[in-house]
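Right, one structure below, let's go through it.
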Amino acid sequence: MKISEIFGLNMSQAELDFVDIDPTEDLPLFLDPFFLSKRNDNWSIEASLTLKSFFQNVIDAIRNGNEDEAKELFDHLHEPNSTCLGMSRGNPQGKGVGFEDTDKIYDSLLSSRAIQTGLIQDIEDNILFVENFGKDKLSDMTTNIITKHLIEYTQTQCNLLNIPLTSGIASEYFWNRDDDEWQTEHTDMLVIEGKKILLVPKGIVSFSKAYTPDTYYNRFVLEYLQNEHLRMRTALVERRRNGTRFVTKKRLKEDYPQTKSFLRTFTQDHPEVLEQFKHQTNIDSLSNSEFSDINIREIIRGLIRHLQGIPSGSANATDYHRMMIGILGLLFYPNLINPKKEREIHSGRKRIDITFDNAAKEGIFYRLPQNQRIPCPYIFVECKNYSSDVANPELDQIAGRFSIHRGQVGFIVCRNIDNFALFLDRCKDTFRDGRGLIIPLIDEDIITLLQNYNDNNSDFIEKFLSDRIRDITIN
């Protein structure tokens, strides 16, 4: 049974922000530090900084001749069974790093001399240059190092969805970049049948098919060598009937077979090719259909029926709020991720219902800070299951939580607004006064967005939001 089934969430993978795992078996998905380093949402940035902190300590220790100290840093790279991600099948085996493998990894790292020469600068570079080091080991190392971030994420999602946590549980070791050391703690954790579980944001996992030695070798190294042999007019150059000169990759592979030793030597001589590889390699979040075989149209029809069946009024506010978490998560993934309940900052000050991290790399949520200079690292959402109209107090409430650092963009989601044009004018006034951009969405809007949702194409949602925002921001 998956997490959603165990806790009766009645939510599909498309509505959940985390990977909906079955605690009894592993999914062939991976945590990829290169992917994390390319992301611009706050959670990924923080996790990436922790990874860089750990590996920089490894690099510094090796380069300073403190090999024992460097080796000790590998002591807590254990078998991470808590995420249920990786290569094993059946009951999660944690066959990634493993206690018996850490010495081998360290010895391979040291013998390659890739750190001493400056070849390896980031933890993901190990997969290119270190023997017996693949995506499973890299993912396991990443999980170990960012365990604290995963604990906090799990707590956030469980609090959001009312999944019970167990208090006072000893965590696994995690890297604390403030103290530059491995630490553990007793904290609230998700425990299922005696097993500690860490939830993982679905937006940050991948199949780890982009930053690989195969891709680097075939698409960048060989293409560089093709151009070089053409330029130097070597014996590998052939001619087509029309006189065009060419060099085949097949012929190059005979003279330059793919080994990590060759990749190390080549990259030391041509570091610009590695930089090109890093710069040009992009990874996108997986679509919902790539996680599981789901019928997205059936899910959407069910969401619309459920939404239409919730009566307005305070008695059903919790059901409406829970419903909107899943709907907004589906509509705006992967641009908006990591939904969480906001806590009160000051006594008596009502919290905003939900905040999302802005992870957009394109589209309206990316353009707002880039082009219109409206900061929005977080997007605020206030859900109102009112039987009466929302009005100025609701606008003031959400605008009062805006700031330059937290963001100045939010949604008011409600059942209906009798005089929508008047409310839009109020949103315009709020924007003109410099108090932020507030976007209203009513049931009719939500249903329209759901009916036109496409898991692989966000054009309709983009146009809808762009038009609504234009109505507010342009006189």
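The values are calculated or read from the model by the stated rules, or taken from the named source; none is laboratory data. Please read all numbers here as calculations on a predicted model, not as lab measurements. Ideal geometry is used to build each Cβ from the backbone, glycine not excepted, and the neighbour counts take in all protein chains shown.
Kindly establish whether Glu69 is free of Cβ contacts under 8 Å to residues at least 60 places away in the same chain and on the phi < 0 side of the Ramachandran plot. Yes. Within the stretch 186-234, being among the hydrophobic types (A, V, I, L, M, F, W, C) and within 30 Å of Lys250 (Cα to Cα) holds for Phe207, Ala210, Phe220, Val221, Leu222, Leu225, Leu230, Met232. Scanning the stretch 460-475 for residues that are crowded, with 16+ Cβ neighbours inside 10 Å and either over 19 Å from Arg435 (Cα atoms) or in contact with an Asp or Glu (Cβ under 7 Å, 6 or more places away or on another chain) (or both) gives Ile461, Glu462, Phe464, Leu465.
When Ile469, Ile439, Ile461 are screened for being modelled with pLDDT of 95 or more, assigned by TED's automatic domain parsing to the domain that holds Pro334 and out of contact with any Phe, Trp or Tyr (no Cβ under 8 Å at 6 or more places or on another chain), only Ile469 passes.
Against the test of being under 30 Å from Cys414 (Cβ atoms), among the hydroxyl-bearing types (Ser, Thr, Tyr), without any contact (Cβ under 8 Å) to a residue 40 or more places away in the chain and surrounded by fewer than 18 Cβ atoms within 10 Å (Cβ to Cβ), the options Thr318, Thr259, Thr265 yield a single qualifying residue, Thr318.
Restricting the stretch 28-41 to residues that are surrounded by fewer than 21 Cβ atoms within 10 Å (Cβ to Cβ) and of a type outside the set (Ser, Thr, Tyr) leaves a set whose member that is nearest to Leu274 (Cα to Cα) is Lys38. As a summary of the residue check, Thr473 satisfies the conditions (1) in contact with a strand residue (DSSP E or B) (Cβ under 9 Å, 6 or more places away or on another chain); (2) under 23 Å from Gln308 (Cα atoms) except for the one numbered (2).
Only residues that are surrounded by 16 or more Cβ atoms within 10 Å (Cβ to Cβ) and not in a loop (DSSP other than H, G, I, E, B): list them for the stretch 65-82, please. Outline the logic, then answer.
Residues of the stretch 65-82 that are surrounded by 16 or more Cβ atoms within 10 Å (Cβ to Cβ), as a first pass: 70-71, 73-74, 76-82.
Passing the criteria: Ala70, Lys71.
Residues that are surrounded by fewer than 16 Cβ atoms within 10 Å (Cβ to Cβ) and without any contact (Cβ under 8 Å) to a residue 60 or more places away in the chain were ranked within the stretch 3-27; the one that is nearest to Asp136 (Cα to Cα) is Glu5. Among the helices (runs of 4 or more DSSP H) confined to the stretch 230-334, the ones with at least 2 residues that are closer than 29 Å to Asp353 by Cβ, touching a helix residue (DSSP H, G or I) at 6+ places or on another chain (Cβ under 6 Å) and hydrophobic (A, V, I, L, M, F, W, C) are located at 296-309, 317-332. If you take the residues of the stretch 343-362 that are modelled with pLDDT of 95 or more and either assigned to a loop (DSSP other than H, G, I, E, B) or over 19 Å from the mean Cα position of the chain (by Cα) (or both), which of them is farthest from Glu462 (Cα to Cα)? My answer is Ala359.
Considering the stretch 2-24 alone, what residues qualify as being over 18 Å from Pro339 (Cα atoms) and in contact with a Ser or Thr (Cβ under 8 Å, 6 or more places away or on another chain)?
If the condition is that a residue be over 18 Å from Pro339 (Cα atoms) and in contact with a Ser or Thr (Cβ under 8 Å, 6 or more places away or on another chain), then Ile21 is the only one that fits.
Within the stretch 203-233, the only residue that satisfies the criterion of being closer than 26 Å to Asn159 by Cβ and either surrounded by fewer than 14 Cβ atoms within 10 Å (Cβ to Cβ) or in contact with a Pro (Cβ under 8 Å, 6 or more places away or on another chain) (or both) is Gly203. Cβ-Cβ contacts under 8 Å between residues 6 or more apart (or on different chains), taken from a first residue in the stretch 221-249 that is closer than 22 Å to Arg264 by Cα to a second residue that is surrounded by 15 or more Cβ atoms within 10 Å (Cβ to Cβ) and of a type in the set (Phe, Trp, Tyr), are listed as Val221/Tyr256; Val221/Phe266; Leu222/Tyr256; Leu225/Tyr256. Counting only helices (runs of 4 or more DSSP H) that sit wholly inside the stretch 1-64, those with at least 1 residues that are β-branched (Val, Ile, Thr) and at pLDDT 95 or above are 3-6, 42-63. Is there a residue in the stretch 401-412 that is crowded, with 21+ Cβ neighbours inside 10 Å, touching a Pro at 6+ places or on another chain (Cβ under 9 Å) and within 24 Å of Gly313 (Cβ to Cβ)? Yes, because at least one residue in the stretch 401-412 is crowded, with 21+ Cβ neighbours inside 10 Å, touching a Pro at 6+ places or on another chain (Cβ under 9 Å) and within 24 Å of Gly313 (Cβ to Cβ).
Could you list, in sequence order, all residues of the stretch 365-391 that are farther than 27 Å from Gln308 by Cβ and not aromatic (Phe, Trp, Tyr)?
Result: Arg367, Leu368, Pro369, Gln370, Asn371, Gln372, Arg373, Ile374, Pro375, Cys376, Pro377.
With a requirement of 2 or more residues that are within 31 Å of the chain's Cα centre (by Cα), under 23 Å from Pro375 (Cα atoms) and free of Cβ contacts under 8 Å to residues at least 12 places away in the same chain, the helices (runs of 4 or more DSSP H) lying completely within the stretch 385-474 that satisfy it span 459-473. Please work out if Pro369 is exposed (fewer than 13 other Cβ atoms within 10 Å of the Cβ) and free of Cβ contacts under 8 Å to residues at least 24 places away in the same chain. Considered against the rule, which asks whether it is exposed (fewer than 13 other Cβ atoms within 10 Å of the Cβ) and free of Cβ contacts under 8 Å to residues at least 24 places away in the same chain, Pro369 comes out as no. Would you check if there is a residue in the stretch 159-171 being farther than 30 Å from Gly326 by Cα, of a type in the set (A, V, I, L, M, F, W, C) and under 20 Å from the mean Cα position of the chain (by Cα)? No, the stretch 159-171 contains no residue that is farther than 30 Å from Gly326 by Cα, of a type in the set (A, V, I, L, M, F, W, C) and under 20 Å from the mean Cα position of the chain (by Cα).
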